[in-house]
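**Student:** Dropping the structure in here first, questions after.
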Amino acid sequence: MSMTTSPLTPEIVSQDGNAMVLSMGPQHPSTHGVLQIMLEISGENIVKAEPEIGYLHTGIEKTAENLFWSQAQTVIERMDYLAPSSNAYCYCLAVEQLLGITDRIPERAKQIRVMQAELTRIASHCVWLGTHGIDLGALSAFFYCFDMREKILDLQEAAGGARMHPNYLRVGGVQADLPSGFMEQLDALIEMFPGRMRDLRKLLQANPILQDRLVDVGIMSQEEAQEWSITGPSLRATGIAYDVRRAFPYGGYEAYEFDVITRTEGDSYARFLVRLDEMEQSMRIVRQVRDALKPGPIAIDDTKVMPPPKETIALSMEALIHHFKIMTEGFRVPPGDVYQAVEGPRGELGYYVVSDGGNRPYRVRTRPPSLYNLQALKGLAPGNLIADLVVIIGSLDPVFGEVDR
Amino acid sequence: MEVGPGHFLLAKLDDVARWAQSSSVWPLTMGLACCAIEMMSATAPEYDIGRLGSEVFRASPRQADLMIVSGRVAQKMAPVVKRLFDQMADPKWVISMGACASSGGVFDNYAIVQGVDTIIPVDVYVPGCPPTPDGLLYAVNLIQQQIREGGRGGLLART
C-alpha cells in the first residue's frame, strides 16, 4: 500500500522512550518566517535539529533570467525583504562591473547609495531587535524599534516612492535626486537616533532577564564559524573581523570612517551586542555621508544605460529614441561574468552575474548570507532547551525570502 | 440602538453580537514574506491595529478569526496554508495581502501559487507590493463592515 506523500511531516513521527520527533514550524511565531525544524527531543532537551527550508521558494533567480537587466532588480529586491536596497546595491555594482562603468558613477550617486545601504542596515537591525525582543517576551522593544524603522521607511518613501521596495538604486546611479525636505527628515532621524539607542540599551542590554536568556547560549567557536561559512555579525561575534566593506571596499566605502565591531564570546549575547553597535556605526557612516553630500549628477551620463531625463524627451529626437529603446528592450551588457559582494545586514551578500551579451541576464546567482548562517543552527541547537532554540534562531537573524529565494 | 427612558439601551441581540464580534477580529500569526513585515508595522505605534481591536495576533489557528495571507505562497507552503485555514474555527475570514497572495504578483513562475484564492476562499484583497499598513487597516475595516452587515461567515450565518 502506498502512502500519499504529504509535504507536512506528521507532528510526531516516532516515539522511542523519552525521545520524540517534533516539528517546529513552518507556521511558528518564533521561527522568523517559514522555517520548519525537525527536532529530536528528549524531554525539553534538543538531541538533534534538522532545518527544513524551501517553504518560500520563489524562483527569483530563474524569473530574473526572463526580465531585462533593469527589471530583474525588481524581483531581486524582494529576496532579502528586510534589506531591499542592499540587494539592489550589490546587483547594480555587479552589472556596472560587467558594463565597465564602475569608474564613471558620479560621486553624489555613490554617496546616496552608501547612505541608503546604511539606512537599510539600521532598518533591518530594527526588525531583528524588535522580533528578537518579542521572542524573549520583551514586547516594548518592538514598539521602539518599529517606530524608528518607520522614520527610515519614510526616508525611503520620500526618495524612491515606496516604503519597502523603493527600487531607488539603479544600474548607473540612482533613480532620482533626493527630494526637497529629505535632508530635514534625515537630520531629524540623526537627532533622534542616539536617544533611541540609549533607550533600547537600557531596556534590553542591561536587562538581567535578557542576559539570562542570551549569555552562553548558542556558543559558536571561530573554527565552527569558518567551517560553516558564517559571515556578518554572527561571524564578528566570534572575534573574526571580516567585513566586506573593509576587506573588499566597494562603492566608495574607503572614504568613510567606521569600526568593524567584534566580540570574542561567540554566544547569542555577543551577536546581540555586535548588531547594536553596528547600528551606531551605520549611523556614523550616514552622518559622514550627510556632511559630504555635494550637489551634482545622480546618474551616469550615458543614454545607452540610463534613460535620458524625462524633460528632454519632448525637446530632442535623440533623447526620445534612447528613452524608447531602453524602455522597450532594455540595455545590453557585454558577455562575461562577475562576482560582487557587499556587506548586507546579515553578512556577505554576493551576486554572481553572467551575461551572454543580451538584454537579459543569463544567470543571476545569489550568495544569500542567511542560508549560510542558518547552517549553524544544526550545530548550535543540540544540547540546548527548546526555549534556547528560539534565542539561537533569533540571534542568527535569518530572512527566508533570501534563504529560499 | 435607541436610548430608553432610564439608563439603558435598546438593541437587537444580533446587532450587539455583531458589534462585539467585529471589534475583536483576531488575526493568525502567520507571516510569509515581505508583506509580513508590513503586517508587523501595522501593529507598531505608527499605525496601531489595536485601534480596530485586532492587535491580538494568535499563534494557534484554533484561536484566530482572521487569516492574513501576507506574502507569496510557494507551492511547498500551499498545503500548510490550507491546513491552517482548515484548523481555524468558524466563523473565519481571509485577507489576501499584496499582489503575490492575490495573483502571484511579479512571480509568474513555477514556484508560486498564482493567487491564494485558488486554495482558500478570500474575503478582501489588498493591492500593493507590499501594501502599506494603511491598506491592511482598511482591509480589516472592510472585514468589520462585512461582519456588522451579517455577511459571509458572520456570527449568525450558520443559523
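The values are calculated or read from the model by the stated rules, or taken from the named source; none is laboratory data. What you are looking at is a predicted structure, and each value in this text was computed from that prediction instead of being measured. Here the Cβ positions follow ideal geometry from the backbone for every residue, glycine too, while neighbour counts run over all protein chains shown.
**Student:** So, in the range B:44-54, exactly how many residues are without any contact (Cβ under 8 Å) to a residue 40 or more places away in the chain and within 12 Å of B:T132 (Cα to Cα)?
**Tutor:** So the count comes out to 0.
**Student:** When the residues of the range A:33-79 are filtered to those that are more than 10 Å from every other protein chain (Cβ to nearest Cβ) and acidic (D, E), which remaining residue is nearest to the chain's Cα centre (by Cα)?
**Tutor:** Result: A:E61.
**Student:** Could you go through the range A:239-261 and let me know if any residue there is of a type in the set (A, V, I, L, M), buried (at least 23 other Cβ atoms within 10 Å of the Cβ) and within 19 Å of A:W128 (Cβ to Cβ).
**Tutor:** Checked the range A:239-261: no residue is of a type in the set (A, V, I, L, M), buried (at least 23 other Cβ atoms within 10 Å of the Cβ) and within 19 Å of A:W128 (Cβ to Cβ).
**Student:** Still on this model: Test A:S370 against the stated conditions and say whether it is out of contact with any strand residue (DSSP E or B) (no Cβ under 6 Å at 6 or more places or on another chain) and within 14 Å of chain B (Cβ to nearest Cβ).
**Tutor:** So A:S370 passes the test.
**Student:** Can you name every residue in the range B:106-118 that is more than 9 Å from every other protein chain (Cβ to nearest Cβ) and either under 14 Å from B:P131 (Cβ atoms) or of a type in the set (S, T, N, Q) (or both)?
**Tutor:** If the condition is that a residue be more than 9 Å from every other protein chain (Cβ to nearest Cβ) and either under 14 Å from B:P131 (Cβ atoms) or of a type in the set (S, T, N, Q) (or both), then B:Q114, B:T118 are the ones that fit.
**Student:** Contact list please: Cβ distance under 9 Å, first residue in the range A:61-82 and within 18 Å of B:A36 (Cα to Cα), second residue among the acidic types (D, E) and assigned to a loop (DSSP other than H, G, I, E, B), pairs at least six apart or on different chains.
**Tutor:** Filtered contacts from the range A:61-82: A:L82/A:D397.
**Student:** Among what's in the range B:10-30 and is within 14 Å of chain A (Cβ to nearest Cβ) and surrounded by fewer than 23 Cβ atoms within 10 Å (Cβ to Cβ), pick the residue that is nearest to the chain's Cα centre (by Cα).
**Tutor:** B:W26
**Student:** Continuing with this model, one more query. Quick one: how many residues across the range A:278-312 are touching a helix residue (DSSP H, G or I) at 6+ places or on another chain (Cβ under 7 Å), in a helix (DSSP H, G or I), of a type outside the set (G, A, S) and crowded, with 18+ Cβ neighbours inside 10 Å?
**Tutor:** Number satisfying all stated conditions: 6.
**Student:** To continue, here is another question. Identify, please: which residue in the range A:346-397 is part of a loop (DSSP other than H, G, I, E, B) and charged (D, E, K, R) and is, among those, nearest to A:G100 (Cα to Cα)?
**Tutor:** Step one: filter the range A:346-397 for residues part of a loop (DSSP other than H, G, I, E, B), giving A:346, A:356-362, A:368, A:375, A:381-384, A:397.
Cutting the leftovers down to charged (D, E, K, R) gives us A:346, A:356, A:360, A:397.
Working: A:R346: 28, A:D356: 15, A:R360: 17, A:D397: 35 Å.
Selected residue: A:D356.
**Student:** Hey, A:L203 hits all of (1) in contact with a Ser or Thr (Cβ under 8 Å, 6 or more places away or on another chain); (2) modelled with pLDDT of 90 or more but one; which does it fall short on?
**Tutor:** Of (1) in contact with a Ser or Thr (Cβ under 8 Å, 6 or more places away or on another chain); (2) modelled with pLDDT of 90 or more, only one is false for A:L203: (2).
**Student:** Would you pick out the residues in the range A:146-174 that are outside any helix (DSSP H, G or I) and either on the phi > 0 side of the Ramachandran plot or without any contact (Cβ under 8 Å) to a residue 60 or more places away in the chain (or both)?
**Tutor:** Of the range A:146-174, the ones outside any helix (DSSP H, G or I) are A:161-174.
Answer for the range A:146-174, where residues must be outside any helix (DSSP H, G or I) and either on the phi > 0 side of the Ramachandran plot or without any contact (Cβ under 8 Å) to a residue 60 or more places away in the chain (or both): A:G161, A:A162, A:R163, A:N167, A:G172, A:G173.
**Student:** Take the residues in the range B:59-71 that are surrounded by fewer than 20 Cβ atoms within 10 Å (Cβ to Cβ) and not aliphatic (A, V, I, L, M), then tell me which one is nearest to the other protein chains (Cβ to nearest Cβ).
**Tutor:** Checking each candidate, the answer is B:P61.
**Student:** Go over the candidates B:S41, B:S96 one by one and state the one that is at the interface with chain A (Cβ under 10 Å from one of its Cβ atoms) and either crowded, with 23+ Cβ neighbours inside 10 Å or assigned to a helix (DSSP H, G or I) (or both).
**Tutor:** None of the others qualify; the one that does is B:S41.
**Student:** Listed residues B:A78, B:A74; which is more than 16 Å from the chain's Cα centre (by Cα), over 24 Å from B:V16 (Cα atoms) and surrounded by 21 or more Cβ atoms within 10 Å (Cβ to Cβ)?
**Tutor:** Going through B:A78, B:A74 in turn, just one is more than 16 Å from the chain's Cα centre (by Cα), over 24 Å from B:V16 (Cα atoms) and surrounded by 21 or more Cβ atoms within 10 Å (Cβ to Cβ): B:A74.
**Student:** Quick test for you: out of A:V399, A:V390, A:V403, pick the one residue that is within 14 Å of chain B (Cβ to nearest Cβ), more than 13 Å from the chain's Cα centre (by Cα), touching a residue at least 24 places away in the same chain (Cβ under 8 Å) and more than 30 Å from A:T328 (Cα to Cα).
**Tutor:** A:V390
**Student:** Going by what's in this entry, would A:E265 be described as touching a residue at least 24 places away in the same chain (Cβ under 8 Å) and farther than 30 Å from A:Q71 by Cα?
**Tutor:** yes
**Student:** Run A:K151 past the list (1) within 11 Å of another protein chain (Cβ to nearest Cβ); (2) surrounded by fewer than 23 Cβ atoms within 10 Å (Cβ to Cβ); (3) closer than 20 Å to B:L32 by Cβ and report the number of the one that doesn't hold.
**Tutor:** (3)
**Student:** Let me ask something else. Go through (1) buried (at least 18 other Cβ atoms within 10 Å of the Cβ); (2) in contact with a Phe, Trp or Tyr (Cβ under 8 Å, 6 or more places away or on another chain); (3) away from chain B (no Cβ under 14 Å) for A:G160 and report which single condition fails.
**Tutor:** Among (1) buried (at least 18 other Cβ atoms within 10 Å of the Cβ); (2) in contact with a Phe, Trp or Tyr (Cβ under 8 Å, 6 or more places away or on another chain); (3) away from chain B (no Cβ under 14 Å), the lone unmet condition for A:G160 is (3).
**Student:** Going by the conditions given, is A:R275 surrounded by fewer than 20 Cβ atoms within 10 Å (Cβ to Cβ) and touching a residue at least 12 places away in the same chain (Cβ under 8 Å)?
**Tutor:** no
**Student:** Among what's in the range A:128-143 and is away from every other protein chain (no Cβ under 11 Å), in a helix (DSSP H, G or I) and not small (G, A, S), pick the residue that is surrounded by the fewest Cβ atoms within 10 Å (Cβ to Cβ).
**Tutor:** A:D135
**Student:** Kindly indicate whether B:V56 is at pLDDT 90 or above and either touching a His at 6+ places or on another chain (Cβ under 8 Å) or more than 9 Å from chain A (Cβ to nearest Cβ) (or both).
**Tutor:** Considered against the rule, which asks whether it is at pLDDT 90 or above and either touching a His at 6+ places or on another chain (Cβ under 8 Å) or more than 9 Å from chain A (Cβ to nearest Cβ) (or both), B:V56 comes out as no.
**Student:** Go through the range A:201-238 and give me each residue that's in a helix (DSSP H, G or I), of a type in the set (S, T, N, Q) and buried (at least 17 other Cβ atoms within 10 Å of the Cβ).
**Tutor:** Within the range A:201-238, the first condition is being in a helix (DSSP H, G or I), and the residues that meet it are A:201-205, A:208-214, A:222-227, A:233-236.
Applying the additional criterion that residues be of a type in the set (S, T, N, Q) yields A:205, A:211, A:222, A:226, A:234.
Residue satisfying the conditions is A:S234 alone.
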